Amino acid sequence: MENRKRYGVSSESGSRPDFKKKQKFFAKPNFEKTSKPDIVFGVQSVLETLKGTKEIEKILIQREFGHAEVEKLAKERDLPVQRVPIEKLNRITMKNHQGVIAFVSAVNYAKTSNVIADIFEKGEVPLLLVLDRITDVRNFGAIARTAECSGVHAIVVASRGAAQINADAMKTSSGALNHLPVCRENSLSQVLEELQQSGIQIVACTEKATDELYNIDFTVPTAILMGSEEDGISENLLEQADHATKIPMLGKIGSLN
């Protein structure tokens, strides 16, 4: 009886429950929706996008079929192309994708060499952030937010194996990606070498280091190298660094960065 009264049911009248009252007991949780990726699909649409100036993160092509012109233009722009089963394409969109989907970036990428030249021309001391295989979109956005607040001039990522810069990354960065250039390069190893040739020290952040962060001189031109969420910095990049450093920690768990 108590339960029936609670939801507006009268034993005498047999009336239906008062759903307006019931609603407060079963309110829907307010889950944050994940933004859909910015995509272009269909052979002709993807071709026109490839011919235009929009930045493209990657292209997915149905495994069973080939699109020679799409692949040719993608190769000319040095864009990652993945051959995937049709089921993966259908999970992204059920519209008529014709076996081709392109992911469009939310930012325009810069060239590291151009950014460095601009910084020196302004008479400023370069501070760059090089990210090795940071794949989580929201981690990337949070890193970008901190970097912008810390005075970093630009973020450098690899063209393959890096987080897609989409609406979620933009949101998590709190708008920082609107002000902070992102440079996408084919080889991070080559980038580090070119930075060193420009007089920029490479400081690797790794728990494998013996030196502490506070012992590094950050008043000179610097590029901070950070690794992936799971494996840290790639061994070959770690070997190229001028300094390996870590944040001193008192706890018992490890931190790759």
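No value in this document is a laboratory result; all are computed from the given coordinates. Keep in mind that what you see is a predicted model, and the values were worked out from it rather than measured. All Cβ positions, even for glycine, are placed from backbone atoms using ideal geometry, and neighbour counts span all protein chains on display.
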ask   = Which aspartates and glutamates, on any chain, are close to LYS95 with Cα under 15 Å apart, when same-chain ones fewer than 8 places away are left out?
value = ASP38, GLU87
request  = Return P(r) of region 36-170 (all Cα-Cα pairs; 10 Å bins starting at 0; whole %; ordered from short to long distances).
outcome  = 11, 37, 31, 15, 5, 0
request  = Among the listed pairs LYS72/LYS111; LYS122/LYS171; LYS75/LYS246, give every one whose C-alpha distance is greater than 27 Å.
outcome  = LYS122/LYS171; LYS75/LYS246
remark   = The long-range amide H neighbours of SER159, using H built 1.01 Å from N in the peptide plane and a cut-off of under 5 Å, are GLU185, ASN186
key: Hz values of 3J(HN,Hα) by residue in region 142-154 - Karplus curve (6.51, -1.76, 1.60), Gly and Pro given as x   = 5, 5, 4, 4, 5, 4, 4, 5, 8, x, 5, 7, 6
message = Show me, for region 189-205, the HN-Hα J-couplings you get by feeding each phi into the Karplus relation (A = 6.51, B = -1.76, C = 1.60, θ = phi - 60°), rounded to Hz, glycine and proline as x.
response = 4, 5, 4, 4, 5, 5, 5, 5, 5, 8, x, 9, 6, 9, 10, 8, 9
query = Mind ordering 55-64, 78-87 by average Cβ neighbours within 10 Å, highest first?
reply = 55-64, 78-87
request  = For ALA244, list long-range residues whose amide hydrogen, built 1.01 Å from N in the peptide plane, is under 5 Å from its own amide hydrogen.
outcome  = ALA204
key: Phi-based couplings in Hz for region 212-219 (Karplus 6.51, -1.76, 1.60; Gly and Pro marked x)   = 9, 3, 6, 8, 8, 8, 9, 7
Between region 125-155 and region 46-116, the alpha-carbon center distance in angstrom = 24
